Each structure stands twice: as C-alpha cells, then as structure tokens.
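To start, the structure itself, in structure tokens.
The values are calculated or read from the model by the stated rules, or taken from the named source; none is laboratory data. Quantities reported herein were computed from a predicted structural model and do not represent experimental measurements. Every residue, glycine as well, gets a Cβ built from its backbone with ideal geometry; the counts of neighbours run over all protein chains shown.
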Number of protein chains: 2
Amino acid sequence: MLETIFSHRSIRKYKSTPVPERILEEILLAGSRASTTGNMQVYSIIVTKDENLRKQLWEAHFKQDMVLQAPVHLTFCADFNRFTRWCEQRKASPGYDNFLSFFTAAIDALLASQNVALAAESNGLGICYLGTATYMADRIVEILELPKMVVPVTCMVTGYPDEEPGLTDRLPMDGIIHKEKYNDYLPTDIDRIYVEKEESQQTRELLVLNKKETLAQIFTDNRYTEKDNIHFSQHFLKTVVKQGFSRNH
Amino acid sequence: MLETIFSHRSIRKYKSTPVPERILEEILLAGSRASTTGNMQVYSIIVTKDENLRKQLWEAHFKQDMVLQAPVHLTFCADFNRFTRWCEQRKASPGYDNFLSFFTAAIDALLASQNVALAAESNGLGICYLGTATYMADRIVEILELPKMVVPVTCMVTGYPDEEPGLTDRLPMDGIIHKEKYNDYLPTDIDRIYVEKEESQQTRELLVLNKKETLAQIFTDNRYTEKDNIHFSQHFLKTVVKQGFSRNH
C-alpha cells in the first residue's frame with residue numbers, strides 16, 4: 001500500500017500494449033470501494049478505448065501526446081442523474097439540482113479516482129490525471145454525450161509506462177500542514193517553504209528558458225495565467241449550471 | 001495496496017488510544033505524494049487534536065459521536081492563500097480568485113485526503129469522512145481561523161477502531177461504469193441496478209422503521225432533503241465567495 005503511494009509519479013509516455021480486461025475491471029472495482037456520501041455513489045466512470053473517441057478527447061485535452069498514446073481514457077463524473085432517475089421511479093422527490101449536490105458528487109468521483117490511480121499503479125500501470133478536464137468540461141460533455149446532472153470533474157489516462165521519471169519534488173511538510181488551527185504564513189515562512197524549489201537546478205534552467213526573474217512568474221505568466229483562469233472558470237461554471245446544478249444561480 | 005482498498009469500511013467508534021506521532025507524520029506524508037495540479041500543491045491539511053477545538057468541530061459536524069471520540073481530526077482545505085502570497089512576494093501577479101481555481105484546489109485536497117485515508121488504514125487506523133464539512137464550511141472557517149483563499153472541502157476523523165463493521169454494499173459495477181460514452185439509463189436499467197439494495201434485509205427494516213414505501217423516499221424525505229440541500233448549498237456557495245473565490249459571482 002504505502003510503497004505504491006510513495007512511488008507515485010505521473011506517466012506521460014505510454015506503450016501501445018493494451019490493458020488486460022481483468023486488470024481494468026479490478027482497478028475500477030477498487031474505485032467503487034472508496035468512501036461515498038451516504039453510500040449514494042453519485043458518480044460515474046466512463047472508460048474510453050475507441051480510437052476515434054480518444055482522438056476527440058485528445059483534441060479537447062489540449063492535444064497532449066499521452067492522451068493519444070495511452071490505450072485507456074477514464075472520465076470521472078459527478079453524477080446525480082442515476083440517483084435522480086431512481087428517486088423519480090420510486091415515488092420520491094429528488095432535490096439535487098444545486099451547487100452542494102454537484103460538489104458532493106464531485107467528492108465521490110474524486111475519491112474513487114484516487115483509488116483507481118493507486119490500484120492501477122499497484123498493477124504495474126502508469127497514470128496521469130488531466131487537469132484540462134474542468135477547463136474543457138463543455139466539450140467533454142459533447143464528446144461523451146453526458147446527460148443533465150452529469151459533469152466531468154477529472155480525467156485520467158492509463159496504460160503501461162514507456163518512461164521512468166524520478167519522484168517529483170514537494171514542499172516541506174510544515175508548508176502544507178497546520179497544527180490545531182490554520183497558522184497563516186509570514187513572509188519569512190513563504191521564503192523558507194519555497195526556497196528548495198526555487199533554488200533547484202530545474203528552476204534555474206526554467207528561468208533561463210522562459211526569460212523570467214522568478215519561478216512564480218512562470219506560473220502566473222505562462223502556465224496558469226489570470227486570463228486563462230477567468231476564461232475557463234466562466235466556461236466550467238456555465239457547464240455546471242447547464243448540466244442542471246442550477247438552483248443557486 | 002489492493003488489500004487495504006478492498007477492506008475499507010468507515011469507522012464510527014474509536015478507542016481513546018492516541019495516534020503515535022510517527023504514524024501521523026507518515027500518513028500525512030502519504031497525502032503529499034498524491035497528484036497535484038501543476039505541482040502547485042494548492043491545499044492544506046489542518047491536524048486538530050486539542051479537545052476544546054475538537055468539541056467545537058463536533059458541534060459543527062452535527063454532534064456525531066465519532067468526532068468527539070476519535071483523537072485526530074483532519075480538515076482538508078482548498079488553499080490558494082499560500083500560493084498567492086508566494087506570487088505576490090515574487091513580483092508575479094496571481095489570478096486565482098475564481099471558481100475554477102477553487103475547484104482545482106479542491107481536487108488537490110481531495111486526492112491527498114484519499115491517500116491519507118488509505119495510509120491510515122494500512123497502519124491499522126480507522127477513518128471516517130465527514131460529509132458535513134461542506135454543509136458547515138462557514139462555521140469551520142471560524143473555528144479553524146481559515147484566511148481568504150482557503151475553504152474546507154472535506155474532513156476526516158481517525159484513530160484506532162472500536163468496532164468491526166462489515167463491508168458496505170455497493171451497486172453492481174455496470175451501474176456506475178459506462179463503456180466508451182455515457183449510456184443513459186432506461187427504467188429497466190434503474191430497476192436492475194437498485195434491486196439488490198432495495199431487497200436487502202437492511203432496507204426492509206429501514207422501511208418499517210421510517211414508515212416509508214420506498215428506500216428512495218428515505219433519502220429524499222429524511223437523509224438528503226431538498227430543503228436541507230438548498231439551505232446548505234446557499235451557505236457553501238456563500239463561503240466559497242466570501243473566502244475570495246468570487247470573481248465569477
């Protein structure tokens with residue numbers, strides 16, 4: 001268990017070898033064992049192997065190579081459609097067309113996704129989460145024909161790794177853990193927490209390559225810009241509302 | 001790994017035995033190894049052991065016994081505060097005061113939480129997620145003194161189990177998995193997916209106890225009512241906005 005967790009790295013190059021059906025079934029079953037709100041299981045997992053569909057998903061996910069390479073594409077959705085249909089068929093009045101219900105369903109989907117990731121890795125597969133799932137939620141709704149009350153919250157590609165990257169650096173633990181209450185950061189705390197990341201060889205190379213003065217500027221100016229954030233934020237919120245979680249808007 | 005995943009059950013009764021510091025550190029470190037968007041680690045984990053604070057949290061979490069019993073209370077927060085402060089200290093212009101950034105940070109927090117849950121269980125601890133974290137987010141912000149850009153997205157209690165519950169039932173896998181695209185449910189699908197849950201001994205007893213005709217009615221009338229959903233949904237959304245992820249509202 002712990003060995004799998006501590007050796008996780010995202011894999012961005014895959015072999016074309018298919019994932020055996022037995023293994024795929026096991027990792028999905030592992031997903032279903034995660035905690036779920038009130039045991040409602042308000043999520044769905046869409047397993048896409050079809051090349052044409054994966055090509056459409058690749059285009060949606062900013063044409064990242066790994067999305068075409070990896071033989072299996074998993075889309076984790078917040079899903080109150082199934083539960084709502086069940087209520088309606090059983091003389092019960094569902095009231096899940098609101099933001100809280102969307103978020104509850106998103107939690108279910110995300111906890112399941114992490115179980116799937118770890119179960120995949122413990123079977124020798126590699127995985128990579130796709131942050132573009134929320135950016136491009138409206139397009140994914142179209143490609144995968146998601147009905148009302150279903151919103152994609154994360155995607156993951158999986159397959160056999162064709163690279164062996166090292167572990168990714170992380171901030172020191174006291175940078176993300178707070179004892180008892182939240183202890184807000186002083187400027188000296190921020191300096192201490194980020195110093196190792198900022199002084200790494202990788203950062204030095206990135207600064208030269210991107211002609212930037214600080215690593216933070218690479219995030220705000222290149223990777224996660226205010227302009228993109230606002231644009232995709234509006235789209236994602238619109239999708240959440242359009243898909244029926246609209247009561248609070 | 002898989003054994004831990006497949007033997008998960010939520011624990012609602014705890015011994016007073018404290019969690020050794022070494023184990024607590026290991027399970028939190030396990031959380032930090034989960035995938036995180038762009039390696040930004042935009043989450044925080046608050047570890048609360050203090051009895052007075054845990055009593056306040058217990059009141060917030062609908063006075064569920066286990067929240068008082070379990071010696072460790074973990075609050076997983078979407079956190080763009082640390083990252084934003086770093087940007088501001090490094091001549092970079094952060095633009096993370098929007099819904100997408102909140103959701104991105106929530107994903108980070110939730111993936112980390114599931115690693116923590118599994119690492120805890122593989123160390124012999126029990127865990128239980130608290131769905132009330134989002135319902136009572138505004139109160140948790142007060143108790144734990146969360147600054148702007150920090151929102152609690154889930155809580156978890158952990159400690160040594162004082163009960164051995166059986167595995168919880170789950171829907172059949174074809175009820176939550178879709179092949180290639182989303183295959184919407186026909187009325188006959190809904191009947192098939194829910195039949196086992198509906199015909200269980202536990203359900204029969206619940207129907208008598210609650211004087212209801214269907215299990216779905218127990219969810220819509222008692223457990224997750226429209227009225228509560230709307231109330232808590234408005235509160236949660238207000239908290240997300242109040243904490244600074246307000247650009248889209």
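Points worth noting:
- Segment A:107-124, residues that are more than 7 Å from chain B (Cβ to nearest Cβ), out of contact with any His (no Cβ under 9 Å at 6 or more places or on another chain) and surrounded by fewer than 23 Cβ atoms within 10 Å (Cβ to Cβ): A:N123, A:G124
- Across segment B:9-39, the number of residues qualifying as at the interface with another protein chain (Cβ under 7 Å from one of its Cβ atoms) and either surrounded by fewer than 21 Cβ atoms within 10 Å (Cβ to Cβ) or not small (G, A, S) (or both) comes to 7.
- Total residues in segment A:234-243 satisfying the condition of being in a helix (DSSP H, G or I), more than 7 Å from every other protein chain (Cβ to nearest Cβ) and touching a residue at least 24 places away in the same chain (Cβ under 8 Å): the figure is 5.
- Any hit, segment A:31-38, residues being without any contact (Cβ under 8 Å) to a residue 40 or more places away in the chain and within 30 Å of B:Q202 (Cα to Cα): yes
- Any hit, segment A:96-103, residues being touching a residue at least 60 places away in the same chain (Cβ under 8 Å), surrounded by 23 or more Cβ atoms within 10 Å (Cβ to Cβ) and closer than 26 Å to A:E121 by Cα: no
- Of all the criteria given as (1) in contact with a Ser or Thr (Cβ under 7 Å, 6 or more places away or on another chain); (2) more than 25 Å from B:N98 (Cβ to Cβ); (3) aliphatic (A, V, I, L, M), the one not satisfied by A:L215 is (2).
- Counted residues, segment A:168-185 - those being within 22 Å of B:E142 (Cβ to Cβ) and more than 7 Å from chain B (Cβ to nearest Cβ): 1
- Odd one out for A:S246 among (1) at pLDDT below 95; (2) at the interface with chain B (Cβ under 7 Å from one of its Cβ atoms): (2)
- Residue that is farthest from the chain's Cα centre (by Cα) [pool: residues in segment B:40-73 that are more than 10 Å from every other protein chain (Cβ to nearest Cβ) and of a type in the set (D, E, K, R)]: B:E51
- Considering residues of segment B:174-190 that are surrounded by 14 or more Cβ atoms within 10 Å (Cβ to Cβ) and part of a strand (DSSP E or B) only, the residue farthest from the chain's Cα centre (by Cα): B:H178
- For segment B:193-215, the candidate set comprises residues that are surrounded by 14 or more Cβ atoms within 10 Å (Cβ to Cβ) and within 11 Å of another protein chain (Cβ to nearest Cβ); within that set, the residue that is nearest to A:L29 (Cα to Cα) is B:I193.
- If you go through segment A:125-167 and keep only what is polar (S, T, N, Q) and at the interface with chain B (Cβ under 10 Å from one of its Cβ atoms), you end up with A:T134, A:T154.
- Filter result for the condition that a residue is in a loop (DSSP other than H, G, I, E, B) and either buried (at least 23 other Cβ atoms within 10 Å of the Cβ) or touching a Gly at 6+ places or on another chain (Cβ under 9 Å) (or both), over B:L171, B:L146: B:L146
- For segment B:95-106, a residue qualifies if it is more than 8 Å from chain A (Cβ to nearest Cβ) and among the hydrophobic types (A, V, I, L, M, F, W, C), and the qualifying residues are B:F102, B:A105.
- Filter result for B:I218 (β-branched (V, I, T), surrounded by 14 or more Cβ atoms within 10 Å (Cβ to Cβ), outside any loop (DSSP other than H, G, I, E, B) and facing chain A (nearest Cβ under 7 Å)): no
- Residues (at the interface with chain A (Cβ under 7 Å from one of its Cβ atoms), of a type outside the set (A, V, I, L, M) and outside any loop (DSSP other than H, G, I, E, B)) located in segment B:222-233: B:R223, B:E226, B:N229, B:F232, B:S233
- For B:F80, the requirement of being more than 8 Å from chain A (Cβ to nearest Cβ), touching a strand residue (DSSP E or B) at 6+ places or on another chain (Cβ under 7 Å) and within 28 Å of A:R12 (Cβ to Cβ) is not met.
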